[in-house]
Every structure is written in C-alpha cells, then in structure tokens.
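For reference, the structure discussed in these notes is given below.
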Amino acid sequence: MTSIGIIIGSTRPGRKSSSVAEWVRMQAAGCSDAHFELIDLADFDLPHLDEPAAAAMSRDYRGQHTIRWSSAIDRYDGYIFVTPEYNHGPTGVLKNAIDYLYYEWRDKAVGFVGYGTSGGTRAVEQLRLVTAELHMASVRDQVALSLFDDFDSEGNIAPRDHHRQTLSRMVDQVVAWSQALAPLRGM
C-alpha cells in the first residue's frame, strides 16, 4: 500500500500546524489505496544543518539525529507538507529538515497545505522550488487556509467547505503520482 507522510512543518509553541495536519490526516483517511501518517518535526530536534558532507553527494551521515531523520523519511512514497507562512516563506525548521536529506526525497510526490494571512501561498511557492531541486513531483492543487477565515475565534481549525474538495483532489494527486513514480525509486 502507498505510504504518505504528512509533515508538520512547525515546532513553534502554540503552533496551528498540528491541528491542521490532523485535519489533513482525517480527511485523507477515506482514501482506500494509501496509508497516511503524521511526521512531527518537533519529535526530531534537528539542529541547524551540521552534516559535514552535502546530502546530494553522500548518504554518509555522521549525526544520529540525521540517521534517525533519514530512516523516518525514506520509508514513505510521498508527502504532504503542512506549513505556516512566516515572513513570506516557509518555516526555517522545515527548510532545515528538508536540507538534511536528498536521496530520501528523490522521485517522490509532494503536496502542500499552507496557512497564514495569505493562505501560506508564498511559503508553498518557495517549497515548490526547493522540492523541484530534489527531483520531487509537486502536484498542482494546494490548500491555502486563511488565518482570518479558516480558524475560529479561539484559533482552532474550521476550514471552509471548498478546502475539503481541494484537499481531496490534492490527496488523490499525491497518491497517484507516488504510485506512478514507484518504478523510478526502484532503480
């Protein structure tokens, strides 16, 4: 069965990404040909990139934190990144986590759920550039949640109905592309 990791892209205290990622997981649970799991960056405590060799040049990881991160990411066929937008970009912790690895991301599909005052769209656009360099196939549809319209007065996620439809299309695309890219990962 196709395995999709939903990456919680913030470690900030009071973050909304955990609840957004759980909403994504619950909505995706209806997909019968894939399994979805949350991957919380807070569980990995990755320091600022500290590997002596670039991940694209070698998988000779020195840090136990990198080996653990590599093992966690390598087993998935595709990903959904859940990211807030900070200062027109993705979180530093998400970019750092991505930069630790290379081959583990290669030839896998990726979809995006962004949130912020502008729906996280600028953060997602930057992530599309980064994931393209990693030979990932980003799908077209993305969810863009507004802090003004898709969260209640206490800050809990309350997405408008059209986001469920967009998420469903995006999940279907991530699963289909993950399956289509499987022969490349076996090479």
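Each reported figure results from applying straightforward, stated rules to the coordinates on display, with no laboratory input. Worth saying up front: this structure is predicted, and the values here are computed from it rather than measured. Positions of Cβ are backbone-derived with ideal geometry, glycine not excepted, and every protein chain shown enters the neighbour counts.
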| request: Take Thr121, project a point 7 Å from its Cα along the Cβ direction, then tell me which residues of the range 86-112 have their backbone nitrogen under 18 Å from it. | output: 86-90, 112
| query | How much length is gained if the chain between His135 and Ser32 is pulled fully straight, taking 0.36 nm per residue apart and subtracting their Cα-Cα distance, in nm to one decimal? | reply | 34.4 nm
| query | For Ser71 and Asp149 in one chain, what is 0.36 nm times their gap in residues minus the Cα-Cα distance, to one decimal in nm? | reply | 24.3 nm
| remark: Sorted by chain and then number, the residues having a modelled amide H within less than 5 Å of the amide H of Thr91, at least 5 places away or on another chain, are Tyr86
| Residue by residue, what Karplus-based ³J(HN,Hα) values in Hz, rounded to whole numbers, does the range 134-143 have, using 6.51, -1.76 and 1.60 with θ = phi - 60° and x for Gly and Pro? | 8, 6, 9, 9, 7, 7, 5, 5, 9, 9
| field | Distance from the range 1-57 to the range 120-187 (C-alpha centre basis), Å | value | 12 Å
| By how many degrees, 0 to 90 and rounded to 10, does the Cα axis of helix 64-74 deviate from the longest principal axis of the chain? | 70 degrees
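Using DSSP to define loop residues, name the trypsin sites (Lys or Arg not before Pro) in the range 90-152 whose beta-carbon has at most 14 other beta-carbon atoms within 10 Å.
Arg106
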| query | Does anyone have the angle between helix 121-133 and the longest principal axis of the chain? Alpha-carbon axes, 0 to 90°, nearest 10? | reply | 20 degrees
| request: Please list, in chain and number order, the residues 5+ apart from Ile7 or on another chain whose amide H is under 5 Å from its amide H, with Hs placed from the backbone. | output: Ile39, Ile80, Phe81, Val82
| note | Relative to the chain, whose Cα atoms define the longest principal axis, helix 17-28 and its Cα axis are tilted in degrees, nearest 10, by 90 degrees
| task | Quote the charge dipole size of the range 70-187 about the Cα centre in Debye, to the nearest 20; the model charges only the Cβ of Lys and Arg (+1) and of Asp and Glu (-1). | result | 320 debye
| field | Selection of chymotrypsin sites (Phe, Trp or Tyr not before Pro), the range 100-178, meeting DSSP coil and at most 16 other Cβ within 10 Å | value | Tyr103, Phe148
| request: Quick one: compute the contact order of the range 2-182, relative version, from alpha carbon pairs under 8 angstrom and 6+ residues apart, as a percent. | output: 24 percent
| message | Taking R0 as 45 Å, what FRET efficiency do you get between Ala180 and Asn156 from their Cβ-Cβ distance, rounded to the nearest 0.05? | response | 0.80
